[in-house]
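The values are calculated or read from the model by the stated rules, or taken from the named source; none is laboratory data. Worth saying up front: this structure is predicted, and the values here are computed from it rather than measured. Note that we place each Cβ from the backbone using ideal geometry, even for glycine, and neighbour counts take in every protein chain shown.
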Amino acid sequence: MTSQQLRSEFLNFFEKKGHKIVPSFSLLPTDPSVLFTTAGMQQFKEYFLGKKSPYGDKVASCQKCFRTSDIEEVGDDAHLTFLEMLGNFSFGGYFKEEAIKFAYEFLINNLQLPISQLTVTVFGGDNEVPRDEESVKIWEKLGFSEKNGNLRFCGRADNFWGPTGEEGPCGPTTEIHIRGIEVWNLVFNEYFQDKNKKLTPLKQKGVDTGMGLERLAMTAQDKSSVFEIDLFTPLTGMINNQDEKAKRIIADHIKGAVFLISEGILPSNVEQGYVLRRILRRAIQYGKSVDLTSLARKVVEIYEDIYPELKSRETDILSVIEKEKEKFGEALKIGINTTASEIAKGDLDGETAFRLYQSHGFPLELIKEEAKKAGRVVDEEGFYAAQKKHQEVSRAGAEKKFKGGLADDGAEAVKYHTATHLLLAALREVLGPEIYQKGSNITAERLRFDFNYPQKMTDGQIKEIETLVNQKIREDLLVEMKEMSKDKALKIAKVSFDPEKYGEVVKVYQIGDFSIELCGGPHVGRTSELGVFKIIKEESSSAGIRRIRAISLGHATSK
Ligand code: SER
């Protein structure tokens, strides 16, 4: 079966079992305490906690996921950064029995996998959460037991999942392994874990399952690695003269980069942008003689039917990759020179090596190569220790930020203020010049913007507006303030409020030639200071007035 057939077979199976099929959510989650969507359940988190699901209590999806935790693993047979996760979910509907039976039926009856290839694991219990006897009984009826050698017990690390982010639903899991590879994770959300890691039983029990499409395809297509399935061979086939591991890293990272850029992320030195930069530069470094642009095009071609956003943003995607290649080239030159002068002094200690990596984006592998040429050694352990220290510091910073404890609330709010001007101009361009601001509310975490429009915006319009705002952010437009007489200002600028409310001399803020508004400020100096703009909600505010909530992710541009 092709991956496409597996995707639809899975969704059809669960549709027939009464599940509503929900499209994949963005790779950028609305929960600001996590960088990426890493699991299918994330978009449903609140329905597990009792909020009424608009889709009913049984849903299924194929979710785009990006996992930074697996970057170093990429190259082996089973790990990827970008993956698609098939999942079925129940919010207070069915529980363990149905979930296990559905999984069994799908694999054995629909995919016709021989039962002898399957083994399962069950949560073995610890001092907080008891052993999952209920799952054991269900599995036993299906022919799985410790005695038969196809059921094992595992502890917290392996058979307990969640929560994503700082708090949320979580619970014991039972995992299905096919030919020894973990393929399907069935999570029984029985607990709520709070910020202090305290578990409280949930009133409503839920099921969250996740099965990596690529791993499923690997077993269904009888391959020994995910890189041999039909979602990868068109890519790996284009990469010549590389060893197998390099091929895999290049293919995985380019795919991941294409998907991240399609969501509006740009390479930078922080948060999502940093991850994108890291995988892109790693792909460039491994694939010096590889045509990455053609590879990126191929990724778009493989997935465009399922994720049309790839095709609509193809030009952006290719140009971001090209630009990063140029920047990396420049960084390498500087890196080689700086490394050479450090090496001239002697062996490289970990801190210095990490500094070269951190400030010049000069990878450890290359630092080692340069050092070797000069007969010097690099303290690798010291490098990793310095990296770990750095990660801890940035994580602490991120946690502080996400808790709202910003050192410069003012600065963040100012950025959002400028973003509202871009938003209004974009709304006018997409929906029509008759759009006016009807109110706004800005905090350090988000902006809320009200405007006149008679109906719900379509997903396409929302995307178009996001893209336009992000494009203007990337264009690095100058934000200029001019003071002028009200009469003159009213002739050239958009006015959202009653002109009577303004004094005789007014301030006008102009952003490139995209936006011009009467406004008291303050604003940023250039649009590149803003992060990636993301609309997280569009709803009715009152009759004829729509309300948009938007957030800014990371930092849009590189310095
Ligand atoms: N949330 C679980 C996982 O990601 C099951 O979907 O593995």
Of residues in the stretch 366-386 being surrounded by fewer than 18 Cβ atoms within 10 Å (Cβ to Cβ) and under 27 Å from the mean Cα position of the chain (by Cα), the one farthest from Arg278 (Cα to Cα): Ala385
Note on Ala543: of the conditions (1) at pLDDT 90 or above; (2) surrounded by fewer than 19 Cβ atoms within 10 Å (Cβ to Cβ); (3) aliphatic (A, V, I, L, M), unmet is (1)
Qualifying residue in the stretch 496-508 (condition: surrounded by 14 or more Cβ atoms within 10 Å (Cβ to Cβ) and at pLDDT 85 or above): yes
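Residue-wise test of (1) more than 16 Å from the ligand (Cβ to nearest atom); (2) assigned to a helix (DSSP H, G or I).
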position: Thr164; (1), (2): no, no
position: Val183; (1), (2): no, no
position: Thr209; (1), (2): no, no
position: Ala217; (1), (2): yes, yes
position: Asn241; (1), (2): yes, no
position: Leu260; (1), (2): yes, yes
Scanning the stretch 262-289 for residues that are in a helix (DSSP H, G or I) and among the small types (Gly, Ala, Ser), the one farthest from Glu309 (Cα to Cα) turns out to be Ala283
Quick one: would you say Gly149 is within 13 Å of the ligand (Cβ to nearest atom) and at positive phi? no
Based on what the data block shows, is Asp31 out of contact with any His (no Cβ under 7 Å at 6 or more places or on another chain), farther than 19 Å from Gln193 by Cα and acidic (Asp, Glu)? no
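Results for (1) out of contact with any helix residue (DSSP H, G or I) (no Cβ under 8 Å at 6 or more places or on another chain); (2) aliphatic (A, V, I, L, M); (3) at pLDDT below 95, shown as yes or no for each residue.
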position: Glu175; (1), (2), (3): no, no, no
position: Glu182; (1), (2), (3): no, no, yes
position: Phe188; (1), (2), (3): no, no, no
position: Gly206; (1), (2), (3): no, no, no
position: Asp243; (1), (2), (3): yes, no, yes
Picked from the stretch 191-207 (must be without any contact (Cβ under 8 Å) to a residue 24 or more places away in the chain and either part of a strand (DSSP E or B) or within 13 Å of the ligand (Cβ to nearest atom) (or both)), the residue nearest to Asp132 (Cα to Cα) is Pro201
Within 16 Å of the ligand (Cβ to nearest atom), assigned to a loop (DSSP other than H, G, I, E, B), surrounded by 18 or more Cβ atoms within 10 Å (Cβ to Cβ) and within 24 Å of the chain's Cα centre (by Cα): does that describe Pro169? no
Does Phe144 meet the test of being more than 16 Å from the ligand (Cβ to nearest atom) and either part of a strand (DSSP E or B) or touching a His at 6+ places or on another chain (Cβ under 8 Å) (or both)? no
Determine which single condition Asp70 fails, assuming it passes every other condition in (1) of a type outside the set (A, V, I, L, M); (2) surrounded by fewer than 24 Cβ atoms within 10 Å (Cβ to Cβ); (3) more than 21 Å from Leu276 (Cα to Cα). (3)
Within the stretch 290-310, tally of residues that are part of a helix (DSSP H, G or I) and modelled with pLDDT of 95 or more: 13
Which one of Leu11, Leu35, Leu28 is more than 22 Å from Val207 (Cα to Cα) and within 16 Å of the ligand (Cβ to nearest atom)? Leu35
Flagged in the stretch 312-348 as closer than 30 Å to Val22 by Cα and surrounded by fewer than 15 Cβ atoms within 10 Å (Cβ to Cβ), in numbering order, are Thr315
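Give, as residue ranges, the strands (runs of 3 or more DSSP E) completely inside the stretch 1-114 that count at least 3 residues that are under 16 Å from the mean Cα position of the chain (by Cα) and either on the phi < 0 side of the Ramachandran plot or in contact (Cβ under 8 Å) with a residue 24 or more places away in the chain (or both).
58-66, 82-91
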Taking Ile138 as the residue in question, decide whether it is among the hydrophobic types (A, V, I, L, M, F, W, C) and loosely packed, with under 15 Cβ neighbours inside 10 Å. no
